[in-house]
Structures are given as C-alpha cells and as structure tokens.
Amino acid sequence: LFARDGQAIWENGIHQNIAFLAMMLKRSDRVGPVYFLNGGDAQALPAGLDLDGLDVPLVKPADVTHELDVVIEMGAQLPVEWLKHMKALGKKRVAFFCGHTYAGLGETPIFDKPSGHIINGAPFDEVWLLPQYDKTAAPMLRTLLRAPVHLMPHIWSPYFLERRIAALAAEGATFGYQPGRRPWRLATLEPNISVVKTCHYPMLACDEFYRARPDAVQHLFVVNAMHMKTHSTFVHFANSLDLVRQHKATFEPRLDLPGFMARHADAVVSHHWENGQNYLYYDVLYGGYPLVHNSTLLGDAGYYYPDFDSQA
C-alpha cells in the first residue's frame, strides 16, 4: 500500500482493490494475519482511505519479515533487496498488476509523466493480472518478469459505497436511481489521465442521443475534465457538439462518485479501451442507475454498445 497523507479512497481504484483483497483474505480460515505493507511515507493509515474498520495494520516490510509466508506487491513497489531476502528465506512473492501496465509503460516516457511501476529486477514467483489486461499485458509480463502469469477475479464489495451512502443520507442526499425523472441529467466519469479511459466517446454518444431526442436531455456533466477544458484540441472537439454549443454541458473537477450521482446525475455513459473492469461500473449499477458502456466483461448488465460505436 502506497500510504501518504491526504489520500482519499475515491481518488484511485487501486486503494479499493487492495482493501477488497485484504477483506477476502481475512474471511478465509486458511489465512492467518493480514498486513498492509507500507510503501509510502505516511506513519499511519490515512484517514481518507477509510481503512481503519478493516482491522488490517499498516506495517513496515522489515518489521514483519519473519511473520509472513506470502508477499503480494500491489499498489506500491517494495524494496528490491527486501524481496530478495524474502526469496532467500523461502517466502512466496507475487506481483499483482491492477492497472493498465502497457499504457503506463508507454505513456509515462512519451508524455514525460512521473514514473509509475518500474521493472527493477525484483524476484517474483508469480504474476497476478486482472482479466481485462490479459490481451495487452499477460505476454509482456511473462517476458519482463520471467514468471508465470495468472488471471485473478476483479473483486468488489459495496463496503466503501455503503459507508458513503450512509454519510450522504445524513446530509439529506439519496444515492440511487429515481425512476420517472425527465429529462435526464447525463454524466461521464472517466478519469481522463490516459487514452484507455477518456470522455471523448461518451460525449459523442450523448450528443447523438441529444440530436435524436433533444427533449430527453437536460444536461451533460463531464467530470474529471478541468485539466483539459482550456486545451485547444479539446476545446475544438467539444465545441463541435450540440450539447456544448447550446450550453447544456459543463466540465467538472474530480468528484466522489456517490456524492455526485446523489445530487446531480440520472445516468452514466462510459467508454474504455482494453480496460473493461471498473469499480465505476459496479458502483453505478449498485445504485440502479442506467449505465451505457462498451465492456464485454459486464455480461447483460447495463446498456451495451460495441467498441467505439458512438452511434449505436
């Protein structure tokens, strides 16, 4: 866990992924104590991560060297020398990749972004990968890490969502779809930090809908878009759409999903590129909100359109 002061559970899906894995392991009678290994500089679990209720302590790796049988690197890279020491002690070491590794390795140097995961020679017995990255990352990681790659389920729980829902209720806000409300307030909630999940195709799909049924759309919220709204390329793209031209679209900062949906939106339009398993989907569907998406991994949930077909 890359723990640093000021973090929030809704800012990054990796925190939830780590928490859900810890919760699952604690439920098993074959697993003993579970620890969060601290790869950051925080001295305690950041309050904003909302992890205190899990009864999983945050520890420095060196403090539990002899307490562990299995180490799962996930979210933060652990010291290479410590992992080599764990190998010498016969401990099992797993690298769990939960992000779009191929995009990260390519976009980070191309666009001069801060370094993410670094291939640093750390020794692992196995690599775990989410099914959504089988095509883009499994062959690459077999070559880079020289270890077998196994696909793991994308686990989820409404734990954090329900806690936020309760807090919203105390504020007088209700999370959950309200049938019958017309016209709709649409939202796209893609992070817009990589080409694998951006607002472009959701905006196109919403504009197609608005052109066909202008009476059915009240507003489009483009969330996580403040850093793009003044860029010339994006401005010209957005200004080609009727929703923008007719002042029915706004561009918003990063917001927590349940709080935003409870107050502002009736449906979500999403898009991904080889990144079809997202907590965004599960949270939206849990609230009963219509989800328009292009993920083949959601089965019959929501309203599916294929690939990049914004006119479907």
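Mind checking which lysines have their C-alpha under 29 Å from K135, skipping anything on the same chain fewer than 8 residues away?
In chain and number order, the partners are K92, K113, K197.
Report the semi-axes of the equivalent ellipsoid for the range 110-190 in whole Å, largest first, where each axis is √(5λ) for an eigenvalue λ of the Cα gyration tensor. Don't skip to the end; give the middle numbers.
On the way: eigenvalues 322, 58, 45 Å².
They are 40, 17, 15 Å, listed from largest to smallest.
Rounded to whole Å, give me the distance from the Cα center of the range 75-91 to that of the range 260-277.
Centre-to-centre (Cα) distance: 38 Å.
Arrange H247, H154 by Cβ neighbour counts within 10 Å, fewest through most, would you? Don't skip to the end; give the middle numbers.
Details: H247 8, H154 19.
In increasing order of surrounding Cβ atoms, one gets H247, H154.
I'd like the trypsin sites (Lys or Arg not before Pro) in the range 188-274 restricted to DSSP loop residues with at most 14 other Cβ atoms within 10 Å, sorted by number. Before the final figure, lay out each step's value.
Details: sites: K197, R211, K229, R245, K248, R254, R263; in loops: K197, K229, K248, R254.
Loop-located and lightly packed - K229.
Principal axis extents for the range 13-151, Cα atoms only, whole Å, descending order, please.
39, 36, 27
For K91, which lysines qualify as cross-link partners when the Cα separation must be under 27 Å and same-chain residues fewer than eight apart are set aside?
K26, K60
What label, among [x] 19.9; [y] 20.4; [z] 21.2, belongs to Kirkwood radius over Cα pairs in Å computed from the structure on display?
Evaluating Kirkwood radius over Cα pairs in Å on these atoms matches [z].
Determine the relative contact order of the chain: mean sequence separation of Cα pairs under 8 Å and six or more apart, normalised by residue count, in whole percent. Could the numbers behind the result be given before it?
Details: 503 pairs, mean separation 43.7, N = 312.
Value for the chain: 14 percent.
Every number in this text was worked out from the coordinates using simple rules, so none of it is lab data. Keep in mind the model is a prediction, meaning the values are calculated, not measured. Neighbour counts run over all protein chains shown; Cβ positions are idealised from the backbone, glycine included.
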